[in-house]
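Report on the structure given below.
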Ligand SMILES: NC(=O)c1ccc[n+]([C@@H]2O[C@H](COP(=O)([O-])OP(=O)(O)OC[C@H]3O[C@@H](n4cnc5c(N)ncnc54)[C@H](O)[C@@H]3O)[C@@H](O)[C@H]2O)c1
C-alpha cells in the first residue's frame with residue numbers, strides 16, 4: 001500500500017476540478033485539496049450543483065468528496081500541507097502591453113508561484129498543469145528557488161490533454177499522461193512521484209516521461225495539430241461548396257487512409273474553446289520571439305482560417321436570405337463551443353451572434369447547458385438578443401435556424417412542428433452538419449449545410 005501523499009491543486013476550474021476529482025477517486029492513498037481564490041466557485045464545488053457540467057463528473061465527485069477530496073479557499077494552509085502542488089490556474093492570452101493578443105498572460109501563474117514560496121515550510125514538487133509557453137519552468141525555478149530558507153522546489157511539467165465534454169472519460173482512460181522534469185536525480189525523483197500517482201489507474205506504458213521542455217512544448221503542439229486538422233477540412237469545405245463535392249464524403253475518403261486517420265475531420269462553423277486560439281497564438285508568439293518567422297506565419301494561418309470560416313458562415317446566411325437579416329428573428333441552436341459542456345469560451349456562436357447583431361438581426365439563443373454563460377458573454381453586446389431554453393419557442397416566428405453546437409438534442413426535434421411555427425421561406429444553416437438535410441428539405445426548409453450543395457426551394 002503506497003504511503004499517504006498530500007496533493008494540492010491551485011485552481012478549481014475546468015481542468016483542476018475534474019482532474020483532482022479523478023486522482024482522488026483512483027488514489028485512495030492521496031489526500032487531495034483543491035483551492036481557488038474564487039469563493040463562489042469553491043462553494044459550488046461543495047454543493048449539489050457543481051460549477052461545471054461534464055458527463056460523469058457528479059458521480060466521481062460524489063464518491064470522493066469529503067473522503068479524500070476537499071475544496072476550499074484556504075490556499076495558505078493547502079500549500080503548507082502539500083507534498084505535490086499542481087498549478088492549474090488560467091493562462092489566457094495577454095490583452096495588454098508587449099505580446100498583447102498573442103503571448104500567454106502569466107500573471108496568475110507567477111502570483112501562484114510567489115504564494116507557494118511565501119507559505120511553504122518544506123520542500124515541494126510543483127507541477128505545471130496549466131498550459132504554458134515552453135521554458136516557463138525555467139522562470140518558475142528561478143522564482144521558487146530564489147528563497148533564502150534553504151527550501152528546494154522541483155518543477156515538473158504534466159500538461160493536461162483532456163477535452164471538455166469527455167473530460168472524465170479522458171482522465172480515466174487517457175491516451176497518455178506526459179510528465180517532464182529536469183533530468184537530475186531530484187528532478188527524476190519528482191517525476192517518479194507524479195508518475196506513481198497516475199500509475200494507480202493508468203498503465204505504466206501510457207505514462208510518457210520526457211525532459212521539461214519537451215513536455216511543455218508537446219501540449220502547445222498537440223493543440224496546434226488538432227486545430228490545424230479542423231482548419232484544413234474547413235478550408236476544403238469552402239471548395240466543396242463551389243464544386244458540388246461533399247465535405248463529409250471527402251473527409252471519409254481521406255480519413256480511411258491510415259496515415260491520416262478519421263478523427264478531427266468534421267467540417268464546421270469553426271473551432272472554439274478556451275485553448276485552441278490562445279495556445280496557437282502563443283506558439284506563434286514564441287516562434288516569433290526566436291526569430292522563426294516562417295514557423296509563426298504557418299501556425300497563424302490555422303487561426304486565420306478559423307476566423308474566415310466563422311465570417312463565411314454569416315456571409316452565406318446573408319447572401320441566401322436576400323442580403324438582409326435586419327429585423328429578422330434568427331434562432332441559434334447551441335451556444336456552447338461544443339456539445340456536452342456549458343463552456344462558451346471562444347465559441348463560434350459568439351462570433352456569429354456579434355456579426356448577426358451588426359446586421360441588426362434579432363438573435364434568439366438556445367442551449368441546454370450554456371445559457372448562464374451565454375448571458376454573461378452577450379450582456380455587453382447591445383442589440384436585440386433573447387435567451388430561450390426551449391428550442392421550439394426559440395424557433396417560433398424565426399426566419400432561420402443556425403445550428404451552432406452539435407448537441408444530440410437538435411437531431412431529434414420535431415422539425416415539422418418547428419417549420420409550422422416559422423416565417424416562410426424558412427432556412428436552416430447547419431453549422432455542424434448533424435441534421436438530416438434531405439428530410440428537412442422535403443419538409444420545406446431551405447437547407448445550407450457546411451461544405452455541401454444547399455438544398456433550396458427559393
Ligand atoms: N479547459 C480545457 O479544456 C483545458 C484543457 C487542457 C489544459 N487547459 C489549461 O489548463 C489551465 C486551466 O484552464 P481552465 O479551463 O481550468 O481555467 P479556468 O479559468 O476554468 O480555471 C482557472 C481557475 O484558477 C483560479 N485561479 C487563478 N489564479 C489563482 C490563484 N492565484 N490562486 C488560486 N486560484 C487561482 C481561477 O479563479 C479559476 O477558477 C489553462 O492553462 C488551460 O490552458 C485547459
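Please treat every number below as a calculation from the coordinates, not as lab data. All figures in this text were calculated on a predicted structure; none of them were measured in a lab. A quick note on method: Cβ atoms are made from the backbone with ideal geometry, for glycine too, and the neighbour counts reach across all protein chains shown.
Observations, loosely collected:
- In a fully extended conformation the segment linking residue 295 and residue 256 would gain 11.1 nm over its present Cα-Cα distance, using 0.36 nm per residue.
- Rounded FRET efficiency, nearest 0.05, which uses the C-beta distance separating residue 307 from residue 95 and R0 of 25 Å: 0.90
- Modelled label reach - residue 360, point 7 Å along Cα→Cβ, region 306-343 residues with backbone N closer than 14 Å: 323-329
- Peptide ranges 359-371, 70-82 listed from the most packed, as the mean C-beta count within 10 angstrom indicates: 359-371, 70-82
- Part-to-part distance (alpha-carbon centres) for region 1-38 and region 365-440, which is given in Å: 38 Å
- Entry note, region 49-156: relative contact order of 25 percent, from Cα contacts under 8 Å with a spacing of 6+ residues.
- Packing-based order for 321-330, 166-175, using average beta carbon neighbours within 10 Å, highest first: 166-175, 321-330
- In angstrom, the C-alpha Rg and Dmax of region 139-268 are 20.2, 70.
- Computed lengthening from residue 441 to residue 143, 0.36 nm per intervening residue step minus Cα-Cα distance: 101.1 nm
- Share antiparallel - DSSP beta bridges, region 19-158, percent rounded to 5: 5 percent
- Note on the chain: antiparallel DSSP beta bridges, both residues inside, total approximately 5 percent of the bridges counted.
- Spin-label pair residue 316-residue 189: with each label point 7 Å from Cα along the Cα-Cβ axis, the two points sit 5.9 nm from one another.
- Here the chain was treated as a single set of alpha-carbon atoms; its pair distances binned every 20 Å from 0 give 23, 51, 23, 2 percent.
- Residue 67-residue 169 FRET efficiency (beta carbon distance; Förster radius 30 Å; 0.05 resolution): 0.85
- Cα long-axis angle, helix 185-198 against the chain (0 to 90 degrees, to the nearest 10): 50 degrees
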